[in-house]
Structure formats: C-alpha cells, structure tokens
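The values are calculated or read from the model by the stated rules, or taken from the named source; none is laboratory data. Bear in mind that the values here come from a model prediction, so they are computed numbers and not experimental data. In this analysis, Cβ positions are derived from the backbone assuming ideal geometry, glycine residues included, and neighbour counts consider all displayed protein chains. Note: areas computed on protein heavy atoms with side chains; ligands, DNA, RNA excluded. Shrake-Rupley method; radii C 1.70, N 1.55, O 1.52, S 1.80 Å.
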Amino acid sequence: MSDRLSDFRVTGTMVNYYFVCQRKLWLFTHDVQMEHESDLVKQGRLIDETSYPEKRHNVQIQNTISLDFLDIKDGVIHEVKKSDAMEEAHFWQVRYYIYFLKQIGITGTRGEIDYPKLKQRKTVFLSEQDEKELEQIIANIRQVKCSEEMPGTIHKRFCRKCAYFEFCWT
C-alpha cells in the first residue's frame with residue numbers, strides 16, 4: 001500500500017458520496033469539506049439530533065465510522081436521513097457500517113434507515129454479494145483518493161443543492 005493510503009480510512013460518508021458523485025468524493029477525500037457551510041446539511045443534522053432524543057447519537061467507532069445511533073440490545077444500526085432522494089447511497093452507507101462492524105468482530109447487526117419527515121423506516125441487511133461489492137467499492141474509493149485529477153461534473157438536478165456546488169459551477 002502506498003504511503004498516501006497507509007492511514008487512509010474509508011468512512012460511511014465516502015461510501016455515500018461514491019454513489020452520489022465521484023467529484024464530491026474526490027473533494028471530500030482531499031480534505032475539501034464544504035458541508036459545514038450548507039444550510040441543507042445543517043437541516044439534516046438538526047433532524048438527526050432532534051428526531052430520537054432518547055437515543056445516543058453519533059456513536060464513533062475507531063475514528064472511522066459514525067453511527068447516527070445504535071440499539072445495542074437489538075443489534076440495530078440507525079441512520080437518520082432527511083429524505084429518500086439518495087436512497088441507494090443511504091443503503092450502501094448502512095451496508096458499509098454493517099460490513100465494518102463485521103470486520104472488527106461485531107456480527108449479527110442489521111441497519112435501519114429512518115426518514116422522520118416521511119415517517120418511514122427501511123431495513124438494511126448485508127448479504128455475501130453485498131460484501132463482495134463493498135470490497136470493490138472500497139478499492140474504487142481508494143482509487144479516487146489517489147487520483148491526481150478531479151473527476152468531471154455530473155450535471156444532475158440535485159447538484160444545485162450540493163454543498164460543493166460552487167466547485168462545479170463557478
């Protein structure tokens with residue numbers, strides 16, 4: 001493994017961005033983090049923090065993953081999202097959390113994606129096929145990180161709401 005990747009840890013956010021936009025992923029992995037300025041991200045955090053006040057929020061594990069909350073008794077990882085617009089990315093992010101926990105010896109977990117504004121909850125499991133795909137996704141994320149060139153823009157409708165919008169359109 002190269003020196004550039006020796007301490008590089010793939011996070012759930014990176015897995016999510018992998019499915020949303022390669023350019024966003026590249027910027028994020030190169031420490032260009034714009035989320036702190038985004039009103040939409042702030043709104044999402046507020047929904048996360050206020051939706052389940054009785055639960056312990058932002059459970060950090062090995063400085064790599066941050067679970068919105070964890071139900072230890074039932075073995076359920078919860079990820080709280082504002083909307084289901086990027087549902088595929090949400091599912092893969094939660095699958096990655098389950099995969100990561102399995103890699104460190106915590107088995108028997110499942111995930112739930114909570115959409116409080118929609119009053120919906122989706123259950124997420126990790127299959128053997130998902131694990132194989134995640135290994136390839138992790139390798140691809142590492143390739144994006146190592147790339148000297150920033151990927152091109154994707155020109156999607158949701159780009160206007162992205163915290164990185166100005167990097168792509170100015």
**Report entry** Descending semi-axes in whole angstrom, ellipsoid equivalent of region 53-116, from the Cα gyration tensor
**Finding:** 18, 14, 11
Requested in this report: Provide the per-residue ³J(HN,Hα) series for region 78-88, in order, calculated from phi with Karplus coefficients 6.51, -1.76, 1.60 and θ = phi - 60°, each as a whole number of Hz, with x at glycine and proline positions.
Outcome: 10, 10, 9, 10, 6, 8, 9, 4, 10, 4, 4
Query - DSSP beta bridge pairing in region 68-169, given as percent antiparallel to the nearest 5 - result: 60 percent
Report task. Scan region 105-170 for chymotrypsin sites (Phe, Trp or Tyr not before Pro) in coil per DSSP, keeping those whose Cβ has at most 13 other Cβ atoms within 10 Å, and list them by number. Result -> Phe125
Report task. Would you mind working out the accessible area per residue for region 72-154, using a 1.4 Å probe, and quoting it in Å²? Result -> 54 Å²
Query raised in the report: When the Debye formula is applied to the Cα atoms of region 58-170, each taken as the same point scatterer, what base-10 log of I(q)/I(0) results at q = 0.09, 0.11, 0.15, 0.18 Å⁻¹?
Result: -0.30, -0.45, -0.80, -1.07
